[in-house]
Amino acid sequence: MSETVETILKRRSIRKYTEQKADEETIKTILRCGMSGPSAVNARDWSFVVVNDPEELQKWARASGRAGTIMAGSAFSVLLCADGEREFKRAPEYRIINGSIAGQNMILAAESLGLGSVWLGIWPQQDKIDVQKAYFGLPDTVTPHSIISFGYPAENKTGQPHLDYEEDRVHFNKW
Ligand SMILES: Cc1cc2nc3c(=O)[nH]c(=O)nc-3n(C[C@H](O)[C@H](O)[C@H](O)COP(=O)(O)O)c2cc1C
């Protein structure tokens, strides 16, 4: 099995983190992996708000409802945004797919660097979108998509990978 396949198969959501901070190089590597995913017509229609300052993180967490409990314990959390200025005008909804790919790339990069992470959904829940738009004063063209929290794991899920290959979900050559 390749290292990449192993990383994908062993990943689980991690919601509890140690006190260890993530250095800037690690954060930028994770973001770079997000930016290296495919995007429709290469629109690259995402933007990221990275919060790693401990005080700012606590403030943001307090403003973010239930997800805030997880965010507050993270080394850093990222607000993944869809950027309407850059979207493909003929099929703007691609921006959500493009953002999801970036997010998953970041999660897998983090896993391979020894950090845990969890996806915290925002879009399409309008109340959560409104909270994030107001908190960061986002431009009208920018839609908050998801929050991803990252940190060094303080819970161990290594014994609980999703290993099942679900035969009944797969159709070869015909439905
Ligand atoms: C779109 C999306 C939204 C999610 N929102 C939350 C959330 O708000 N809070 C949370 O704790 N986990 C959230 N998750 C994580 C899922 O609960 C988790 O991926 C799922 O239970 C499978 O577990 P695993 O990631 O460990 O494989 C979300 C995942 C996705 C893809």
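The values are calculated or read from the model by the stated rules, or taken from the named source; none is laboratory data. Model, not experiment: these values are computed from the prediction. Reconstructed Cβ throughout: ideal geometry from the backbone, glycine too, with neighbour counts over all protein chains shown.
The selection criterion, being of a type in the set (Lys, Arg) and farther than 15 Å from residue 111 by Cβ, holds for residue 90. Scanning the stretch 3-27 for residues that are surrounded by 13 or more Cβ atoms within 10 Å (Cβ to Cβ), at pLDDT 95 or above, in a helix (DSSP H, G or I) and of a type outside the set (Val, Ile, Thr) yields nothing. Checking each residue in the stretch 25-43 for being farther than 30 Å from residue 91 by Cβ and in contact (Cβ under 8 Å) with a residue 24 or more places away in the chain picks out 26, 27, 29. Go through 93, 56 for me and flag whichever is among the charged types (D, E, K, R), free of Cβ contacts under 8 Å to residues at least 40 places away in the same chain and more than 16 Å from residue 135 (Cα to Cα). Step by step, each of 93, 56 is checked, and only 93 is among the charged types (D, E, K, R), free of Cβ contacts under 8 Å to residues at least 40 places away in the same chain and more than 16 Å from residue 135 (Cα to Cα). If only one of 21, 59, 16 is among the basic types (Lys, Arg) and within 16 Å of the ligand (Cβ to nearest atom), which one is it? Result: 16 is the single residue among 21, 59, 16 that is among the basic types (Lys, Arg) and within 16 Å of the ligand (Cβ to nearest atom). Go through the residues of the stretch 76-83 one by one and say whether even a single one is more than 28 Å from residue 4 (Cβ to Cβ), among the hydroxyl-bearing types (Ser, Thr, Tyr) and within 13 Å of the ligand (Cβ to nearest atom). No, every residue in the stretch 76-83 fails to be more than 28 Å from residue 4 (Cβ to Cβ), among the hydroxyl-bearing types (Ser, Thr, Tyr) and within 13 Å of the ligand (Cβ to nearest atom). Do you know which residues across the stretch 120-175 are within 17 Å of residue 67 (Cβ to Cβ), free of Cβ contacts under 8 Å to residues at least 12 places away in the same chain, more than 14 Å from the ligand (Cβ to nearest atom) and not aliphatic (A, V, I, L, M)? If the condition is that a residue be within 17 Å of residue 67 (Cβ to Cβ), free of Cβ contacts under 8 Å to residues at least 12 places away in the same chain, more than 14 Å from the ligand (Cβ to nearest atom) and not aliphatic (A, V, I, L, M), then 126, 130, 133 are the ones that fit. If only residues of the stretch 38-47 that are closer than 15 Å to residue 104 by Cβ and buried (at least 18 other Cβ atoms within 10 Å of the Cβ) are counted, the one that is nearest to the ligand (Cβ to nearest atom) is 46.
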